[in-house]
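Structure first, commentary second.
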Amino acid sequence: MKQVNGLSTRETILHLLKTNGELSAKDLTEQLGLTGMAVRRHLESFESSGWITQRSIKQAMGRPTALYSLTEHAEHYFPKKYNSLTLDLLGELGQESGDEMVNLLFDRRKESMLSKYAPAMENKALADKVAALAQIQNDNGYMVQWEQESEDEFVLKEHNCPIADVANAYGHACNCELQLFRSLLNADVSRTECLAKGDRRCEYRIKKTV
């Protein structure tokens, strides 16, 4: 069976589709050395998860053939080096213009995000604002959970940080996130745990302002 660097069958299918663009179930069966039923079972699983899609092409004789390809959702499986590029660019900016310019860049990003998300917070109770913020952060890959501890107190937990490498190198990025939360929620927000400081997650305590 053809595999890529000892990957599992499912991972090998993804790599084959990535490198070939489109493949039929027959193509995959021949390359993997599996039964057609086994390959179709994997393909059905990927389709139901939204990782692959199919299109039919007519044949000169017989039934149409389904060709499978990856969806945009599947691209998240493959490693990206965006953080490395970002760190390189920030490093160059720091050398050219100083750390103050780097911090200004983070400040401008915070203001841009505030303008983008502030409308979703208008005329909402604090609980609804926290729920909206959690959804925003989840959409951005932070794996958020939140809970209400009392009428005016909440906890928001981020179990993942998509910009962890940047945050580890530039603490001002974390400061800007805290300031952003305070502005969006119009509440007293404190960070009690931080991934960039070695904690298991980023945890925020949120209290209604008096």
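General observations
- Number of the condition not met by A167 [criteria: (1) part of a loop (DSSP other than H, G, I, E, B); (2) closer than 23 Å to R109 by Cα]: (1)
- Scoring T209 on the criteria (1) assigned to a strand (DSSP E or B); (2) more than 20 Å from the chain's Cα centre (by Cα) leaves a single failure, condition (1).
- Scanning the stretch 32-53 for residues that are of a type in the set (A, V, I, L, M), outside any helix (DSSP H, G or I) and either at pLDDT below 90 or out of contact with any strand residue (DSSP E or B) (no Cβ under 8 Å at 6 or more places or on another chain) (or both) turns up just one, L34.
- Top-ranked residue of the stretch 114-132 - restricted to ones that are in contact with a helix residue (DSSP H, G or I) (Cβ under 6 Å, 6 or more places away or on another chain) and hydrophobic (A, V, I, L, M, F, W, C), ranked as modelled with the lowest pLDDT: A120
- Residues of the stretch 180-198 that turn out to be over 20 Å from the mean Cα position of the chain (by Cα) and closer than 13 Å to N160 by Cα, as a count: 2
- Considering (1) in a helix (DSSP H, G or I); (2) of a type outside the set (D, E); (3) over 23 Å from H76 (Cβ atoms), the lone condition that S56 does not fulfil carries the number (1).
- Being free of Cβ contacts under 8 Å to residues at least 12 places away in the same chain, farther than 27 Å from D165 by Cβ and of a type in the set (A, V, I, L, M) is a description that does not apply to I52.
- Restricting the first member to the stretch 6-22 and to residues that are on the phi < 0 side of the Ramachandran plot and outside any helix (DSSP H, G or I), and the second to residues that are at pLDDT 85 or above and surrounded by 15 or more Cβ atoms within 10 Å (Cβ to Cβ), the beta-carbon pairs closer than 6 Å and six or more apart or on different chains are E22/L67; E22/S69.
- Residues located in the stretch 124-141, provided they are among the hydrophobic types (A, V, I, L, M, F, W, C) and not in a loop (DSSP other than H, G, I, E, B): L126, A127, V130, A131, A132, L133, A134, I136
- Some residue of the stretch 142-163 being outside any strand (DSSP E or B), assigned by TED's automatic domain parsing to the domain that holds L90 and either at pLDDT 95 or above or among the small types (G, A, S) (or both): no
- Count - residues of the stretch 121-142 that are exposed (fewer than 15 other Cβ atoms within 10 Å of the Cβ) and over 27 Å from H76 (Cα atoms): 5
- Checking the stretch 91-98 against the condition returns a match, with at least one residue being part of a helix (DSSP H, G or I), among the acidic types (D, E), under 19 Å from N168 (Cα atoms) and out of contact with any Asp or Glu (no Cβ under 9 Å at 6 or more places or on another chain).
- Filtered by the rule that a residue be surrounded by fewer than 14 Cβ atoms within 10 Å (Cβ to Cβ) and among the polar types (S, T, N, Q), the stretch 23-58 gives T35, S45, S48, S49, S56.
- Checking the stated criteria, D88 turns out not to satisfy the condition of being more than 27 Å from the chain's Cα centre (by Cα), without any contact (Cβ under 8 Å) to a residue 24 or more places away in the chain and under 22 Å from N175 (Cα atoms).
The values are calculated or read from the model by the stated rules, or taken from the named source; none is laboratory data. Because the structure is predicted, anything quoted here is derived from the model rather than measured. Because the Cβ atoms are built from the backbone with ideal geometry, glycine has one as well, and the counts that use them run over all protein chains shown.
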